[in-house]
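Accompanying notes for the structure given below.
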Amino acid sequence: MKISQLMVDISPLRMSREFRIVFVARLVSIFGLGFAAVALPMQVYEITGSSLLVATVHTTSAISVLAGTLVGGMLADRGDRRRLIVIGRTSAVIGFTVLAANTLLLDEPWLWVIYVIAAFNGFLGSFSTVALQAAAPGFVPRGKLPAAGALIALNSHLGNVLAPALGGAIIAGLGMGTNYAITALLSLLTTFLVWRLPRLDPSTQTHTQPVLAAIREGAGFALRHRVVGPLLLLGLAQVLFAAPQVLINEFTDKVLGGGPTLVGLLYTAPAAGALIGSLTSGWAGRAQHTGGLLLAAVALCGTAVLGFGASTWAPLAFVFLTLLGFGQVVEQILRYALLQSHTPDHLRGRVNSVWTAQSTIGNSAGALTLGALPPLIGAAGALMAGGTLTIVSVGALTLAFTGLRTARVLQEPAPKPRNKQ
(Lines give C-alpha, C1' and ligand atoms only; values in the text may rest on other atoms or scores of the structure.)
Protein backbone atom coordinates (compact mmCIF):
# COMPACT_ATOMS: atom_id res chain seq x y z
CA MET A 1 0.00 0.00 0.00
CA LYS A 2 1.31 3.45 -0.96
CA ILE A 3 1.96 6.00 1.75
CA SER A 4 -0.51 8.36 0.06
CA GLN A 5 -3.24 5.73 0.53
CA LEU A 6 -2.61 5.68 4.27
CA MET A 7 -3.00 9.42 4.76
CA VAL A 8 -6.30 10.74 6.04
CA ASP A 9 -8.91 11.08 3.28
CA ILE A 10 -10.00 14.74 3.07
CA SER A 11 -12.48 14.26 0.21
CA PRO A 12 -15.54 14.92 2.45
CA LEU A 13 -14.20 18.45 2.96
CA ARG A 14 -13.91 18.96 -0.80
CA MET A 15 -17.28 17.52 -1.74
CA SER A 16 -19.58 18.99 0.93
CA ARG A 17 -19.99 22.62 1.97
CA GLU A 18 -22.06 21.51 4.96
CA PHE A 19 -19.36 19.11 6.14
CA ARG A 20 -16.74 21.87 5.86
CA ILE A 21 -18.86 24.13 8.06
CA VAL A 22 -19.33 21.37 10.65
CA PHE A 23 -15.61 20.48 10.61
CA VAL A 24 -14.49 24.06 11.25
CA ALA A 25 -17.24 24.75 13.79
CA ARG A 26 -16.39 21.59 15.76
CA LEU A 27 -12.69 22.42 15.80
CA VAL A 28 -13.34 25.93 17.12
CA SER A 29 -15.86 24.58 19.64
CA ILE A 30 -13.47 21.90 20.90
CA PHE A 31 -10.80 24.52 21.55
CA GLY A 32 -13.27 26.65 23.48
CA LEU A 33 -14.49 23.72 25.55
CA GLY A 34 -10.87 22.70 26.16
CA PHE A 35 -10.15 26.14 27.60
CA ALA A 36 -13.18 25.81 29.87
CA ALA A 37 -12.21 22.28 30.91
CA VAL A 38 -9.04 23.72 32.44
CA ALA A 39 -10.69 26.80 33.94
CA LEU A 40 -13.73 25.33 35.69
CA PRO A 41 -12.02 22.81 38.01
CA MET A 42 -9.17 25.24 38.65
CA GLN A 43 -11.56 28.01 39.68
CA VAL A 44 -13.68 25.75 41.89
CA TYR A 45 -10.54 24.51 43.65
CA GLU A 46 -9.27 28.08 44.12
CA ILE A 47 -12.60 29.09 45.70
CA THR A 48 -13.10 26.02 47.91
CA GLY A 49 -9.79 24.16 48.24
CA SER A 50 -11.85 20.95 47.94
CA SER A 51 -11.31 18.25 45.31
CA LEU A 52 -14.68 16.79 46.33
CA LEU A 53 -16.46 19.98 45.29
CA VAL A 54 -14.52 19.94 42.02
CA ALA A 55 -15.88 16.43 41.47
CA THR A 56 -19.44 17.55 42.25
CA VAL A 57 -19.25 20.18 39.50
CA HIS A 58 -18.22 17.43 37.07
CA THR A 59 -21.10 15.30 38.33
CA THR A 60 -23.57 18.15 37.89
CA SER A 61 -22.40 18.62 34.32
CA ALA A 62 -22.50 14.87 33.58
CA ILE A 63 -26.08 14.49 34.86
CA SER A 64 -27.16 17.48 32.79
CA VAL A 65 -25.41 16.11 29.69
CA LEU A 66 -27.16 12.78 30.14
CA ALA A 67 -30.59 14.43 30.41
CA GLY A 68 -29.91 16.81 27.53
CA THR A 69 -28.65 14.00 25.33
CA LEU A 70 -31.85 11.99 25.73
CA VAL A 71 -34.12 15.01 25.19
CA GLY A 72 -32.01 16.29 22.30
CA GLY A 73 -32.02 12.91 20.58
CA MET A 74 -35.82 12.89 20.63
CA LEU A 75 -36.05 16.46 19.30
CA ALA A 76 -33.46 15.80 16.58
CA ASP A 77 -35.81 13.23 15.01
CA ARG A 78 -38.84 15.52 15.20
CA GLY A 79 -37.78 18.69 13.37
CA ASP A 80 -35.05 21.02 12.16
CA ARG A 81 -31.71 19.81 13.49
CA ARG A 82 -30.00 23.10 12.61
CA ARG A 83 -32.21 24.87 15.17
CA LEU A 84 -31.02 22.50 17.90
CA ILE A 85 -27.38 23.02 16.90
CA VAL A 86 -27.81 26.80 17.09
CA ILE A 87 -29.60 26.52 20.47
CA GLY A 88 -26.72 24.46 21.85
CA ARG A 89 -24.03 26.85 20.65
CA THR A 90 -26.00 29.92 21.79
CA SER A 91 -26.30 28.42 25.28
CA ALA A 92 -22.49 28.20 25.37
CA VAL A 93 -22.20 31.91 24.47
CA ILE A 94 -24.58 32.79 27.30
CA GLY A 95 -23.02 30.42 29.81
CA PHE A 96 -19.41 31.47 29.31
CA THR A 97 -20.36 35.15 29.23
CA VAL A 98 -21.98 34.70 32.65
CA LEU A 99 -18.89 32.88 33.95
CA ALA A 100 -16.65 35.70 32.66
CA ALA A 101 -18.84 38.30 34.38
CA ASN A 102 -18.92 36.23 37.58
CA THR A 103 -15.13 36.22 37.57
CA LEU A 104 -14.30 39.72 36.34
CA LEU A 105 -16.97 41.79 38.09
CA LEU A 106 -16.91 40.26 41.58
CA ASP A 107 -14.19 40.28 44.21
CA GLU A 108 -15.02 36.64 44.99
CA PRO A 109 -16.81 34.62 42.26
CA TRP A 110 -20.08 33.03 43.38
CA LEU A 111 -19.78 29.24 43.51
CA TRP A 112 -23.51 28.66 42.93
CA VAL A 113 -23.24 30.44 39.56
CA ILE A 114 -20.65 27.90 38.42
CA TYR A 115 -22.98 25.01 39.34
CA VAL A 116 -25.93 26.62 37.54
CA ILE A 117 -23.93 27.25 34.38
CA ALA A 118 -22.46 23.73 34.46
CA ALA A 119 -26.02 22.36 34.46
CA PHE A 120 -27.26 24.92 31.88
CA ASN A 121 -24.44 24.31 29.40
CA GLY A 122 -24.48 20.56 29.97
CA PHE A 123 -28.20 20.24 29.19
CA LEU A 124 -28.60 22.64 26.24
CA GLY A 125 -25.10 22.04 24.87
CA SER A 126 -25.99 18.37 24.41
CA PHE A 127 -28.69 19.39 21.91
CA SER A 128 -25.96 20.61 19.59
CA THR A 129 -23.87 17.45 19.99
CA VAL A 130 -26.69 15.00 19.27
CA ALA A 131 -28.18 17.04 16.41
CA LEU A 132 -24.77 17.27 14.71
CA GLN A 133 -24.26 13.51 15.09
CA ALA A 134 -27.67 12.89 13.51
CA ALA A 135 -27.27 15.40 10.66
CA ALA A 136 -23.61 15.00 9.64
CA PRO A 137 -23.91 11.55 7.96
CA GLY A 138 -26.33 13.09 5.42
CA PHE A 139 -23.65 15.50 4.20
CA VAL A 140 -21.56 12.81 2.45
CA PRO A 141 -22.24 9.56 0.55
CA ARG A 142 -22.25 6.49 2.78
CA GLY A 143 -19.08 5.22 1.16
CA LYS A 144 -17.34 8.29 2.60
CA LEU A 145 -18.55 7.77 6.18
CA PRO A 146 -15.22 6.24 7.33
CA ALA A 147 -13.39 9.27 5.94
CA ALA A 148 -15.89 11.62 7.60
CA GLY A 149 -15.46 9.77 10.90
CA ALA A 150 -11.68 10.05 10.60
CA LEU A 151 -11.84 13.81 10.04
CA ILE A 152 -14.21 14.27 12.98
CA ALA A 153 -11.83 12.23 15.13
CA LEU A 154 -8.87 14.26 13.86
CA ASN A 155 -10.26 17.64 14.86
CA SER A 156 -11.37 16.22 18.23
CA HIS A 157 -7.91 14.95 19.05
CA LEU A 158 -6.15 18.05 17.75
CA GLY A 159 -8.29 20.06 20.14
CA ASN A 160 -7.74 17.65 23.01
CA VAL A 161 -3.97 17.80 22.59
CA LEU A 162 -3.58 21.57 22.17
CA ALA A 163 -6.55 23.23 23.89
CA PRO A 164 -5.77 22.40 27.55
CA ALA A 165 -2.21 23.69 27.25
CA LEU A 166 -3.38 26.88 25.53
CA GLY A 167 -6.14 27.32 28.11
CA GLY A 168 -3.64 27.03 30.94
CA ALA A 169 -1.36 29.56 29.26
CA ILE A 170 -4.25 32.03 28.86
CA ILE A 171 -5.15 31.69 32.55
CA ALA A 172 -1.53 32.14 33.61
CA GLY A 173 -0.98 35.18 31.38
CA LEU A 174 -4.36 36.92 31.22
CA GLY A 175 -6.43 35.50 34.04
CA MET A 176 -9.45 33.24 34.55
CA GLY A 177 -12.04 35.79 33.45
CA THR A 178 -10.25 36.42 30.15
CA ASN A 179 -10.20 32.66 29.53
CA TYR A 180 -14.00 32.55 29.90
CA ALA A 181 -14.43 35.63 27.71
CA ILE A 182 -12.34 34.09 24.92
CA THR A 183 -14.37 30.88 25.22
CA ALA A 184 -17.59 32.89 24.87
CA LEU A 185 -16.25 34.59 21.73
CA LEU A 186 -15.23 31.24 20.23
CA SER A 187 -18.73 29.93 20.99
CA LEU A 188 -20.21 32.97 19.25
CA LEU A 189 -18.08 32.19 16.18
CA THR A 190 -19.31 28.59 16.08
CA THR A 191 -22.92 29.82 16.41
CA PHE A 192 -22.40 32.02 13.35
CA LEU A 193 -20.86 29.13 11.41
CA VAL A 194 -23.62 26.61 12.10
CA TRP A 195 -26.28 29.26 11.37
CA ARG A 196 -25.02 29.09 7.76
CA LEU A 197 -26.11 25.47 7.46
CA PRO A 198 -29.33 24.77 5.55
CA ARG A 199 -32.46 23.62 7.35
CA LEU A 200 -31.80 20.01 8.42
CA ASP A 201 -35.04 18.09 8.74
CA PRO A 202 -34.94 14.29 9.19
CA SER A 203 -35.99 12.36 6.09
CA THR A 204 -39.16 11.13 7.83
CA GLN A 205 -41.03 13.49 10.14
CA THR A 206 -41.99 12.04 13.55
CA HIS A 207 -43.33 15.18 15.25
CA THR A 208 -46.86 13.73 15.38
CA GLN A 209 -45.71 10.48 16.99
CA PRO A 210 -46.40 10.22 20.74
CA VAL A 211 -43.26 10.58 22.83
CA LEU A 212 -43.47 7.12 24.42
CA ALA A 213 -44.04 5.51 21.03
CA ALA A 214 -41.02 7.36 19.62
CA ILE A 215 -38.87 6.17 22.55
CA ARG A 216 -40.04 2.57 22.02
CA GLU A 217 -39.31 2.82 18.31
CA GLY A 218 -35.75 4.05 18.82
CA ALA A 219 -34.95 1.61 21.65
CA GLY A 220 -36.54 -1.30 19.79
CA PHE A 221 -34.48 -0.61 16.68
CA ALA A 222 -31.24 -0.40 18.67
CA LEU A 223 -31.95 -3.62 20.57
CA ARG A 224 -33.13 -5.71 17.63
CA HIS A 225 -30.78 -4.62 14.86
CA ARG A 226 -28.10 -7.23 14.16
CA VAL A 227 -25.33 -4.58 13.91
CA VAL A 228 -26.43 -1.57 15.98
CA GLY A 229 -27.33 -3.53 19.14
CA PRO A 230 -24.01 -5.42 19.32
CA LEU A 231 -22.16 -2.17 18.52
CA LEU A 232 -23.66 -0.61 21.64
CA LEU A 233 -22.60 -3.62 23.74
CA LEU A 234 -19.07 -3.51 22.32
CA GLY A 235 -18.80 0.21 23.06
CA LEU A 236 -20.00 -0.35 26.62
CA ALA A 237 -17.36 -3.04 27.20
CA GLN A 238 -14.64 -0.71 25.94
CA VAL A 239 -15.55 2.30 28.10
CA LEU A 240 -16.05 0.10 31.17
CA PHE A 241 -12.79 -1.83 31.06
CA ALA A 242 -10.34 -0.13 28.68
CA ALA A 243 -10.21 3.39 30.17
CA PRO A 244 -7.12 3.45 32.43
CA GLN A 245 -6.80 7.23 32.91
CA VAL A 246 -8.23 7.10 36.43
CA LEU A 247 -5.28 4.92 37.54
CA ILE A 248 -2.41 6.74 35.81
CA ASN A 249 -1.47 8.82 38.87
CA GLU A 250 -1.38 5.87 41.28
CA PHE A 251 0.34 3.56 38.78
CA THR A 252 3.03 6.17 38.08
CA ASP A 253 3.65 6.73 41.78
CA LYS A 254 3.60 3.15 43.05
CA VAL A 255 4.85 1.13 40.07
CA LEU A 256 6.91 3.40 37.84
CA GLY A 257 8.26 5.60 40.63
CA GLY A 258 7.67 8.79 38.64
CA GLY A 259 6.34 12.24 39.47
CA PRO A 260 4.12 14.90 37.89
CA THR A 261 6.23 15.20 34.73
CA LEU A 262 5.83 11.51 33.93
CA VAL A 263 2.12 11.66 34.77
CA GLY A 264 1.70 14.47 32.24
CA LEU A 265 3.57 12.52 29.57
CA LEU A 266 1.46 9.42 30.14
CA TYR A 267 -1.75 11.44 29.89
CA THR A 268 -0.63 12.77 26.49
CA ALA A 269 0.29 9.33 25.12
CA PRO A 270 -3.25 8.21 24.12
CA ALA A 271 -3.84 11.54 22.37
CA ALA A 272 -0.59 11.10 20.46
CA GLY A 273 -1.63 7.60 19.40
CA ALA A 274 -5.05 8.87 18.37
CA LEU A 275 -3.49 11.59 16.21
CA ILE A 276 -1.30 9.02 14.48
CA GLY A 277 -4.34 6.82 13.89
CA SER A 278 -6.38 9.71 12.48
CA LEU A 279 -3.65 10.90 10.15
CA THR A 280 -3.04 7.38 8.77
CA SER A 281 -6.72 6.44 8.37
CA GLY A 282 -6.90 6.55 4.58
CA TRP A 283 -7.26 2.75 4.46
CA ALA A 284 -10.55 2.81 6.41
CA GLY A 285 -12.69 3.80 3.43
CA ARG A 286 -11.43 0.81 1.44
CA ALA A 287 -11.80 -1.72 4.25
CA GLN A 288 -14.03 -4.67 3.31
CA HIS A 289 -14.41 -6.36 6.70
CA THR A 290 -15.34 -3.38 8.85
CA GLY A 291 -16.96 -5.38 11.67
CA GLY A 292 -14.01 -7.73 12.05
CA LEU A 293 -11.55 -4.82 12.04
CA LEU A 294 -13.66 -3.03 14.64
CA LEU A 295 -13.53 -6.05 16.94
CA ALA A 296 -9.77 -6.27 16.41
CA ALA A 297 -9.38 -2.56 17.28
CA VAL A 298 -11.23 -3.00 20.60
CA ALA A 299 -9.16 -6.11 21.34
CA LEU A 300 -6.05 -4.01 20.66
CA CYS A 301 -7.30 -1.50 23.26
CA GLY A 302 -7.63 -4.32 25.80
CA THR A 303 -4.17 -5.63 24.96
CA ALA A 304 -2.69 -2.14 25.35
CA VAL A 305 -4.28 -1.68 28.79
CA LEU A 306 -3.06 -5.15 29.82
CA GLY A 307 0.46 -4.31 28.60
CA PHE A 308 0.38 -0.94 30.37
CA GLY A 309 -0.52 -2.64 33.64
CA ALA A 310 2.31 -5.14 33.20
CA SER A 311 4.90 -2.42 32.46
CA THR A 312 7.57 -1.53 34.98
CA TRP A 313 9.57 0.74 32.64
CA ALA A 314 8.20 4.22 31.84
CA PRO A 315 9.04 4.26 28.07
CA LEU A 316 7.24 0.92 27.62
CA ALA A 317 4.22 2.22 29.53
CA PHE A 318 4.17 5.26 27.21
CA VAL A 319 4.26 2.98 24.15
CA PHE A 320 1.32 0.92 25.39
CA LEU A 321 -0.77 4.03 26.10
CA THR A 322 0.08 5.35 22.63
CA LEU A 323 -1.10 2.02 21.24
CA LEU A 324 -4.30 2.41 23.27
CA GLY A 325 -5.00 5.81 21.68
CA PHE A 326 -4.36 4.34 18.23
CA GLY A 327 -6.81 1.50 18.86
CA GLN A 328 -9.41 3.88 20.27
CA VAL A 329 -9.41 6.16 17.23
CA VAL A 330 -9.58 3.22 14.79
CA GLU A 331 -12.56 1.92 16.77
CA GLN A 332 -14.12 5.40 16.70
CA ILE A 333 -13.78 5.71 12.91
CA LEU A 334 -15.12 2.24 12.10
CA ARG A 335 -17.91 2.41 14.68
CA TYR A 336 -19.02 5.80 13.36
CA ALA A 337 -19.26 4.46 9.81
CA LEU A 338 -21.17 1.32 10.82
CA LEU A 339 -23.54 3.01 13.26
CA GLN A 340 -24.48 5.85 10.90
CA SER A 341 -24.81 3.74 7.75
CA HIS A 342 -27.02 1.09 9.42
CA THR A 343 -29.29 3.62 11.19
CA PRO A 344 -32.13 5.19 9.17
CA ASP A 345 -31.99 8.98 9.06
CA HIS A 346 -35.25 9.44 10.97
CA LEU A 347 -33.85 7.39 13.90
CA ARG A 348 -30.33 8.85 14.05
CA GLY A 349 -31.14 11.39 16.74
CA ARG A 350 -32.45 8.78 19.14
CA VAL A 351 -29.81 6.14 18.37
CA ASN A 352 -26.95 8.65 18.68
CA SER A 353 -28.40 9.90 21.94
CA VAL A 354 -28.38 6.33 23.28
CA TRP A 355 -24.75 5.97 22.21
CA THR A 356 -23.74 9.26 23.85
CA ALA A 357 -25.68 8.48 27.03
CA GLN A 358 -24.09 5.05 27.19
CA SER A 359 -20.62 6.57 26.84
CA THR A 360 -21.35 9.12 29.58
CA ILE A 361 -22.62 6.49 32.02
CA GLY A 362 -20.04 3.90 30.99
CA ASN A 363 -17.09 6.26 31.46
CA SER A 364 -18.27 7.16 34.96
CA ALA A 365 -19.00 3.54 35.87
CA GLY A 366 -15.69 2.39 34.40
CA ALA A 367 -13.75 4.98 36.39
CA LEU A 368 -15.52 3.93 39.58
CA THR A 369 -14.95 0.22 38.88
CA LEU A 370 -11.24 0.49 38.09
CA GLY A 371 -10.76 3.05 40.86
CA ALA A 372 -12.21 0.64 43.43
CA LEU A 373 -9.88 -2.26 42.54
CA PRO A 374 -6.39 -1.02 43.61
CA PRO A 375 -7.00 -1.49 47.36
CA LEU A 376 -7.80 -5.13 46.57
CA ILE A 377 -5.31 -6.08 43.84
CA GLY A 378 -3.11 -3.00 43.33
CA ALA A 379 -3.07 -0.49 40.48
CA ALA A 380 -1.17 -2.83 38.16
CA GLY A 381 -3.56 -5.68 38.91
CA ALA A 382 -6.58 -3.45 38.26
CA LEU A 383 -5.19 -2.38 34.88
CA MET A 384 -4.40 -5.94 33.85
CA ALA A 385 -7.87 -7.04 34.96
CA GLY A 386 -9.45 -4.28 32.87
CA GLY A 387 -7.44 -5.22 29.79
CA THR A 388 -8.26 -8.91 30.21
CA LEU A 389 -11.99 -8.22 30.62
CA THR A 390 -11.94 -6.12 27.44
CA ILE A 391 -10.36 -8.96 25.44
CA VAL A 392 -12.78 -11.53 26.91
CA SER A 393 -15.74 -9.27 26.09
CA VAL A 394 -14.59 -8.94 22.48
CA GLY A 395 -14.29 -12.71 22.21
CA ALA A 396 -17.75 -13.26 23.66
CA LEU A 397 -19.36 -10.69 21.35
CA THR A 398 -17.54 -12.12 18.34
CA LEU A 399 -19.01 -15.56 19.05
CA ALA A 400 -22.47 -14.31 19.99
CA PHE A 401 -23.15 -11.85 17.16
CA THR A 402 -22.32 -12.97 13.64
CA GLY A 403 -23.91 -9.79 12.29
CA LEU A 404 -21.29 -7.64 13.99
CA ARG A 405 -18.41 -9.85 12.89
CA THR A 406 -19.45 -9.68 9.23
CA ALA A 407 -20.79 -6.10 9.21
CA ARG A 408 -19.84 -3.74 6.40
CA VAL A 409 -20.56 -0.10 5.74
CA LEU A 410 -23.68 0.18 3.59
CA GLN A 411 -22.70 1.71 0.27
CA GLU A 412 -25.92 3.08 -1.21
CA PRO A 413 -25.96 6.88 -1.30
CA ALA A 414 -27.35 8.62 1.75
CA PRO A 415 -30.09 11.23 1.21
CA LYS A 416 -28.69 14.65 0.45
CA PRO A 417 -29.42 17.42 2.96
CA ARG A 418 -32.40 19.53 2.13
CA ASN A 419 -31.60 23.05 1.08
CA LYS A 420 -34.51 24.81 2.74
CA GLN A 421 -33.69 27.99 4.54
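Brief remarks follow.
- Whole-Hz couplings from phi, Karplus 6.51/-1.76/1.60, listed for region 290-297; x for Gly and Pro: 4, x, x, 5, 4, 4, 5, 5
- Computed [θ] at 222 nm, helices only, for the chain once each DSSP H run of length n ≥ 4 contributes -39500 (n - 2.57): -26500 deg cm²/dmol
- The per residue volume of the convex hull around the alpha-carbon atoms of region 144-285 is 216 Å³.
- Per residue, region 78-224 exposes 42 Å² of solvent-accessible protein surface, assessed with a 1.4 angstrom probe and all protein chains in place.
- Relative compactness, region 352-410, computed as alpha-carbon Rg over 2.2 N^0.38 Å: 1.44
- Stretching Lys254 away from Val161 to a fully extended chain increases their span by 30.9 nm, per 0.36 nm per residue minus the current alpha-carbon distance.
- The distance separating the Cα centre of region 326-351 from that of region 120-155 comes to 10 Å.
- Each 10 Å bin, from zero up to the one with the longest distance, holds this percent of the alpha carbon pairs of region 239-307: 16, 42, 28, 12, 2.
- Accessible area per residue for region 279-373, computed on protein heavy atoms with a 1.4 Å probe, is 33 Å².
- All Cα-Cα separations within region 330-376 were binned at 5 Å from zero, giving a P(r) of 4, 19, 18, 20, 14, 10, 7, 5, 2, 1, each value a whole percent of the pairs.
- Among Ala62, Met74, Leu106 - extreme Cα towards positive end, dipole of region 1-115, charges at beta-carbon: Met74
- Solvent-accessible area assigned to carbon and sulfur over the chain amounts to 70 percent, based on a 1.4 Å probe.
- The slack in the chain from Ile215 to Tyr267, taken as 0.36 nm per residue of separation less the alpha-carbon distance, amounts to 14.9 nm.
- Whole-percent pair-distance distribution, where bins are 10 Å wide, for the alpha carbons of region 1-128: 11, 34, 28, 16, 8, 1, 0
- Relative to the compact-globule estimate of 2.2 N^0.38 Å, the Cα radius of gyration of region 106-200 comes out at 1.36.
- Vicinal HN-Hα couplings computed from phi for region 352-365 (Karplus, 6.51 cos²θ - 1.76 cosθ + 1.60; Hz; Gly/Pro x): 5, 5, 5, 4, 5, 4, 4, 5, 4, 5, x, 4, 5, 5
- Globularity ratio of the chain, using Cα Rg and 2.2 N^0.38 Å: 0.97
- Rounded to the nearest 20, the Cβ-based charge dipole of the chain about its Cα centre (Lys and Arg +1, Asp and Glu -1) stands at 1700 debye.
The values are calculated or read from the model by the stated rules, or taken from the named source; none is laboratory data. Being a predicted model, the structure only gives us computed values, none of them experimental. Positions of Cβ are generated from backbone atoms using ideal geometry, with glycine treated the same way; all protein chains shown enter the neighbour counts. Quick note on the areas: whole protein, heavy atoms, side chains included, nothing else; ligands and nucleic acids left out. Shrake-Rupley method; radii C 1.70, N 1.55, O 1.52, S 1.80 Å.
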